[in-house]
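Reading through the structure tokens given below for one structure.
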Amino acid sequence: MDMVQVRAKVITDETGAISEIPILLTDHGHLEPLVDYLLWRRHDPSIARMRKVVQSVSTLLAYMKVNASCRS
């Protein structure tokens with residue numbers, strides 16, 4: 001699965017308020033649980049911390065892909 005980290009503008013409600021967060025795009029679209037988590041925590045961490053979270057998830061997904069044949 002190919003992945004890329006991008007910065008996205010997300011509109012969450014009818015007020016038109018925009019949150020700009022880093023997200024992870026895969027072959028199958030954006031990783032929605034990660035977007036939900038980052039939106040939920042958007043007031044706590046800095047953008048740099050959000051990028052680290054996205055990078056960590058990306059590393060985990062890459063690890064899972066490489067080791068898919070090792071499932072027990």
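The values are calculated or read from the model by the stated rules, or taken from the named source; none is laboratory data. None of the values given here were measured: they were computed from a predicted structure. Note that each Cβ is placed from the backbone with ideal geometry, even for glycine, and that neighbours are counted across all protein chains shown. For accessibility, only protein heavy atoms count, side chains too; no ligands or nucleic acids. Shrake-Rupley method; radii C 1.70, N 1.55, O 1.52, S 1.80 Å.
A few notes on this one:
- Take the convex hull of the alpha carbons in the chain; its mean projected area over all directions comes to 5.6 nm².
- GLU14, GLU32, reordered so the largest accessible area comes first (probe 1.4 Å): GLU14, GLU32
- In range of the label at ALA48: residues from region 1-26 whose backbone nitrogen is under 20 Å from the point 7 Å along Cα→Cβ: 5-8, 20-23
- Cβ-based net charge around ARG49, under 15 Å, with every Lys or Arg adding one and every Asp or Glu removing one: +3
- Here the chain exposes an accessible surface that is 55 percent carbon and sulfur, computed with a 1.4 Å probe and the other protein chains kept in place.
- Calculated accessible area for the chain comes out at 75 Å² per residue, all protein chains present (probe 1.4 Å; ligands, DNA, RNA ignored).
- Distance between the C-alpha centres of region 32-61 and region 1-31: 11 Å, rounded to the whole angstrom.
- Residues whose placed amide H lies under 5 Å from that of LEU31, excluding near-sequence neighbours: LEU24, THR26
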